[in-house]
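Below: one structure, written as structure tokens.
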Amino acid sequence: MRESKNPVGINSDTNSGSPVSDNPGSGSPGATPPGPDVSDFSSLLQQEFDCTCGRKHRVEVDKIIIRDKALADLPQLLHNQIQKTIKKEPTTNEATKNEATKKDAIKREINKNEAIKKEIIKKAAIKKEADNICQESEQQKAQENDKKSAQDLDSKPLVTSFQEKELDSAANQLVYLICDDNTYQAAARKAQKILQQSGFMSGFKVELIRLSSGAKPIKPTPTMLYRILQAISQPGWLLACGSGTINDLVKFAASRTGLPSGVLATAPSMDGYTSGVASLVVEGVKQTTPTGTHNFILADPEILAAAPEKMILAGVGDLLGKVTSLLDWHLRRIIFDEYFCQTAEELIRKPLENLLADNFTSRLSQRDPAALRELIRGLLNSGLAMELVGSSSPASGSEHHISHFLEMLGLRDKLPMPLHGIKVGLGTYFTAGFYLRLLEEGFEILSGESTIEEPITAEPKTGESTTSESTTEEPIAPEPKTSEPTTEEPKTPEPKATEHKTADTSLSEAFAGSWNSKEARQERIIQAYGSRQAPVLKNLQERWPRESSLSISSAQLEELKSRIAEFKPLLKKARQYLKRNNYFELAEEVTSEQLRQAVLHGFEIRQRFTITTLLYQLGWLEDWTESLLAEKP
């Protein structure tokens, strides 16, 4: 993973340029945060800090600017960043003293980057990469190009090749500006002009890398990555101009070459700008790999306001998903004593609460710059929270599992699917509903204070088909190369619950239901995932020891109930927003049956335990899913 010199600093979202307040400095639930105050993120510049979670935190991003007319700051920002990377000539004594250390460092760097190279090449060993962009007559050519790209990646220079040519002057610095046709019009053309005409060093030398796939959007494939790498002939800065796909491709390219990078955000559509991972679609399957973070992120509300409405709503959907991802994280903390960091939670929760304020959504629909600043701030904070804890636990839970399942269907069956954040919004509608119902009636049933009139069962209703209507912390593994493509997925029988949960049935007895047997879950996975079953079955093998011995004490139930009650206002507002803004219509590509399958089977796609895992083990998941499907708009 690439490293940068300084921890993150978020510049003001006002015209004054004063620092903003989004910074960590708290720990376990209920603890008083010592040290840096979460209300003053700038206090963490140039330092690490000890968190009450017991860990030392540091985010490897140099600078974040969210400000009106921020694009005008780009030359100054790049100039300052370049100054940090200029090679400083050592004295003779220093050179002699450090010679052995430098050789050792180069050896370590070579070994590290050989490992990175092998990992990328392994994931890019493509037999029939379809790219989902070309017409049928072009698919063979696309496959051959991707295979060649995968092979050629092996011959690209390692990080150390560019390190041996360190930037030794601030003059005539080269900037590789990477965009696609849409983002060129949105911001890259103007950025190119600003950089070339800037007063710094008589202007920057800008080399435009404009990616295109005809009329359809580009995808993060090995072919696109290789196009970027082919264009990089000498050291310089990689500047991404775009959102999800461009952002991921440039992080991959920076990781591969060792060059510094930044991103000019063009849409508040996702939380990956500040994260240290990126996704590549290999053999029709999205695979996520550590890459390191950008050195800087620049967000101009005027540019963000011009983004398509669906991209803005996708960003809202992605951020709303944090309501249940945070609760899922609390669920694992309570039941499994999983590591938890309140600092990371607060980074996400504060802008999330702002987002759900009464007047915020109307301001956002009117493209109010202040509202857009809050939205992008929340998305950036989400990425920072993941960087703090070294995983996606704060920002990805049951709602993302539903999204991942839908994405798997789209990639597997070559079907169009909505933007990531729209799919996450759909998932959140269900997972928030599950938590609310658990709070309202589930705990009474579990504690024996209430009975249920009908058995809770995971058996399908009579006459219902469980066949999918169609044939992106994380990835689902590719279809085995020896298998033939299928046009129809087998029907999916749901587990049959012979034991009914009543007030007299203990939790341990519920968890011992026949639907919870390893064999039953294996059969579900095989039927639901079809050709993508292999990695999911492997997940089950690894998670089975923990889940097969699951037990929850009364004290744990009470703590979980208390935590859900705390989140109740956010859960209700999130569902109201999703319903009011017609997310089901925005996801018109998704059929009701596909959505049903995603809710019922998405929890198997990752090992992370969530509310949907718990409901399945209790035998409640299908009935509760059917109830929510019946009430959806």
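The values are calculated or read from the model by the stated rules, or taken from the named source; none is laboratory data. Only a predicted model underlies this, so the values are computations on that prediction, with no experimental measurement involved. Here Cβ is always computed from backbone atoms with ideal geometry, including for glycine, and neighbour counts include all displayed protein chains. These accessible areas exclude ligands, DNA and RNA; they are computed on the full protein's heavy atoms, side chains included. Shrake-Rupley method; radii C 1.70, N 1.55, O 1.52, S 1.80 Å.
Close Cβ contacts (under 8 Å, 6 or more residues apart or on different chains) running from residues in the range 523-534 that are over 13 Å from Phe405 (Cβ atoms) to residues that are open to solvent by less than 10 Å² (accessible area, probe 1.4 Å) and at pLDDT below 95 comprise Gln527/Thr492.
If you go through the range 324-338 and keep only what is more than 15 Å from the chain's Cα centre (by Cα) and of a type in the set (A, V, I, L, M, F, W, C), you end up with Leu327, Trp329, Leu331, Ile334, Ile335, Phe336. Inside the range 400-420, residues that are open to solvent by less than 20 Å² (accessible area, probe 1.4 Å) and closer than 24 Å to Glu309 by Cα make up a count of 7. Surrounded by fewer than 24 Cβ atoms within 10 Å (Cβ to Cβ) and touching a Lys or Arg at 6+ places or on another chain (Cβ under 7 Å) - does that describe any residue in the range 191-199? Scanning the range 191-199 turns up no residue that is surrounded by fewer than 24 Cβ atoms within 10 Å (Cβ to Cβ) and touching a Lys or Arg at 6+ places or on another chain (Cβ under 7 Å). Only residues that are part of a loop (DSSP other than H, G, I, E, B) and open to solvent by 10 Å² or more (accessible area, probe 1.4 Å) were counted across the range 614-633, and they come to 2. The set of residues from the range 252-279 being touching a Leu at 6+ places or on another chain (Cβ under 9 Å), part of a helix (DSSP H, G or I) and under 23 Å from Asn80 (Cβ atoms) comprises Ala253, Ala254, Thr257. Of all the residues in the range 252-283, those that are more than 14 Å from the chain's Cα centre (by Cα) and more than 23 Å from Gln192 (Cβ to Cβ) number 6. In the set Gly442, Gly421, only one residue is under 22 Å from the mean Cα position of the chain (by Cα), assigned to a helix (DSSP H, G or I) and not aliphatic (A, V, I, L, M); that residue is Gly421.
A residue that is part of a helix (DSSP H, G or I) and farther than 30 Å from Leu259 by Cα can be found somewhere in the range 293-309. If the condition is being surrounded by fewer than 24 Cβ atoms within 10 Å (Cβ to Cβ) and either in a helix (DSSP H, G or I) or touching a helix residue (DSSP H, G or I) at 6+ places or on another chain (Cβ under 8 Å) (or both), then the range 327-344 contributes His330, Arg332, Arg333, Ile334, Ile335, Phe336, Glu338, Tyr339, Phe340, Gln342. Note on the range 347-372: residues that are of a type in the set (Asp, Glu) and open to solvent by less than 60 Å² (accessible area, probe 1.4 Å) total 1. Filtering the range 379-404 to residues that are at pLDDT 90 or above, assigned to a helix (DSSP H, G or I) and of a type outside the set (A, V, I, L, M, F, W, C) leaves Asn381, Ser382, Gly383, Ser398, Glu399, His400, His401, Ser403, His404. Comparison of Ser275, Ser279, Ser269 shows that the only residue that is surrounded by 22 or more Cβ atoms within 10 Å (Cβ to Cβ) and within 15 Å of Val61 (Cβ to Cβ) is Ser275. Considering the range 352-378, and only residues there that are of a type in the set (S, T, N, Q) and part of a helix (DSSP H, G or I), the residue that is modelled with the highest pLDDT turns out to be Asn354. Taking helices (runs of 4 or more DSSP H) as the structural unit, those lying wholly within the range 519-588 and holding at least 3 residues that are surrounded by fewer than 20 Cβ atoms within 10 Å (Cβ to Cβ) and under 23 Å from the mean Cα position of the chain (by Cα) correspond to 533-548.
Checking Glu453, Glu449, Glu441 one by one, the residue that is modelled with pLDDT of 90 or more and open to solvent by 10 Å² or more (accessible area, probe 1.4 Å) is Glu441 and no other. Go through the residues of the range 606-613 one by one and say whether even a single one is open to solvent by 10 Å² or more (accessible area, probe 1.4 Å), in contact with a Phe, Trp or Tyr (Cβ under 6 Å, 6 or more places away or on another chain), assigned to a helix (DSSP H, G or I) and not hydroxyl-bearing (Ser, Thr, Tyr). No: zero hits. I'd like to know if the range 400-421 contains one or more residues that are farther than 26 Å from Cys51 by Cβ, out of contact with any helix residue (DSSP H, G or I) (no Cβ under 7 Å at 6 or more places or on another chain) and of a type in the set (A, V, I, L, M). Yes: the range 400-421 contains one or more residues that are farther than 26 Å from Cys51 by Cβ, out of contact with any helix residue (DSSP H, G or I) (no Cβ under 7 Å at 6 or more places or on another chain) and of a type in the set (A, V, I, L, M).
Considering only residues in the range 210-251 that are part of a strand (DSSP E or B), over 18 Å from the mean Cα position of the chain (by Cα) and not charged (D, E, K, R), the one that is farthest from Gln185 (Cα to Cα) turns out to be Trp237.
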